[in-house]
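Contents: one structure, followed by commentary.
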Amino acid sequence: MAITHRHITTANEAGGSPLLPISTQTNATTSFYDANKKNLGRKHTAKQLSDKSVAVVAALAFLGLLTPMLLFGNYHRGNSSSSNLRSALGDLGDGPVPRPKNWKTWGYHGFRDNFRCHGYLSDRAKPLPTMEDWETMLKAYNQVVDPTYKFDPEIPPTQGYRLNEDGAQPYYAKLSPGKGRGLFASRDIQKGEIVHDGNKSDVVFPDGLSWKRYMFALPRTMACDQAEWTFTQKFKEGGPMRVVSSLNIAILMNEGNTVKDVNVQPEDGNGKPSEYSAVFYAMRDIKKDEEILMDYADYDTDFNAAGIGHQVEQSKMEAVKTYVHHAAMGWGMIFRQVGSTLGLGS
């Protein structure tokens with residue numbers, strides 16, 4: 001509107017008046033109509049620019065929504081390790097999962113995803129492992145990790161292990177409401193008493209690769225169990241992070257829902273909590289048949305440091321970086337086009 005008003009004002013100042021001679025009036029009138037014609041042309045051009053701007057803004061808005069969706073979608077698919085592999089595996093059943101060429105690059109979460117563990121592990125009604133189950137896990141462990149490891153000769157893994165000269169540890173396994181498998185006190189336990197000694201119960205893998213071999217040696221659901229039971233721990237300050245699990249019911253200890261629920265913790269023998277200890281003491285008196293509950297945060301979970309981390313996920317991050325790079329290039333082209341359309345570059 002400012003350009004139109006300024007142009008009309010200039011035409012009036014040039015003498016466009018009814019008191020002028022006819023020829024002059026004609027010229028003035030012609031100038032008036034020429035001015036309006038130019039104004040109409042400018043309005044039409046402005047409308048075209050406005051239409052293009054609306055289209056550009058709409059395109060930008062669409063791409064603004066689409067780009068994060070693409071990035072998130074591809075990142076999510078990347079973190080799931082290999083959707084094509086999962087399709088190729090078909091119905092995995094309960095047998096061992098076929099070992100792909102890139103199995104050594106799989107991270108912990110890649111195993112859980114490609115073994116399709118989510119549905120199985122979320123079933124809180126699945127039964128306790130049988131003696132046959134524990135023997136299958138032991139056989140696989142002997143084959144690919146340590147051929148010398150054996151069960152406790154006096155106490156079967158369905159009952160635990162020999163804690164001391166008095167016999168087994170003071171707990172038994174059964175299903176816990178809302179938690180699935182769990183451990184419960186087999187007698188009254190006094191505060192400060194040793195409840196569990198991982199030094200006599202746990203298996204420590206020499207490296208991450210041996211844990212991966214073990215996973216492929218197991219039937220799928222047992223591998224899923226081991227994935228859920230696997231944790232990482234350092235046994236001394238500054239020591240290496242190790243992959244740890246167990247081949248008896250001791251591994252079924254659940255976590256408390258609140259801090260108040262927790263009734264055992266690893267200690268150094270002097271009554272002080274210690275992330276380097278595998279010996280759990282009662283933090284208070286525990287009644288018979290009360291569930292034994294720990295805090296999973298007592299141990300630092302660092303799968304990367306233990307050698308079973310996010311190698312796959314990290315490699316997929318490179319794919320995300322590529323998408324971000326391409327998206328940035330695309331946005332650059334869009335902004336250049338907008339500038340060209342609106343005449344911002346001139």
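Some observations on this one:
- Peptides 101-111, 132-142 ordered by packing proxy, namely the average of other Cβ atoms within 10 Å per residue, highest first: 101-111, 132-142.
- Based on Cα contacts under 8 Å between residues 6+ apart, the range 142-213 shows a relative contact order of 26 percent.
- Peptides ranked, highest mean first, by Cβ atoms within 10 Å: ranges 245-255, 157-167: 245-255, 157-167
- Placing a label point 7 Å from the Cα of R187 along the Cα-to-Cβ direction, the residues of the range 275-292 whose backbone N falls under 14 Å of that point are 286-289.
- Net charge of the neighbourhood of D123, taken over other residues with C-beta under 13 Å away and scored Lys/Arg +1, Asp/Glu -1, is +3.
- Computed accessible area, R124, all protein chains, 1.4 angstrom probe, square angstrom: 120 Å²
- Accessible surface computed residue by residue for the range 105-203, with neighbouring protein chains in place and a 1.4 Å probe, gives 51 Å² per residue.
- Using Cβ point charges alone (K and R +1, D and E -1), the dipole size of the range 177-281 about the Cα centre works out to roughly 260 debye.
- Taking packing as the residue-averaged number of other Cβ atoms within 10 angstrom, the listed peptides 217-223, 171-177 run from highest to lowest as 217-223, 171-177.
- The slack in the chain from Y120 to D300, taken as 0.36 nm per residue of separation less the alpha-carbon distance, amounts to 62.3 nm.
The values are calculated or read from the model by the stated rules, or taken from the named source; none is laboratory data. Computed from a predicted structure; not experimentally measured. Backbone-built Cβ (ideal geometry, glycine too); neighbour counts: all protein chains shown. Side chains are part of the model used for accessible areas, which takes the heavy atoms of the whole protein and leaves out ligands, DNA and RNA. Shrake-Rupley method; radii C 1.70, N 1.55, O 1.52, S 1.80 Å.
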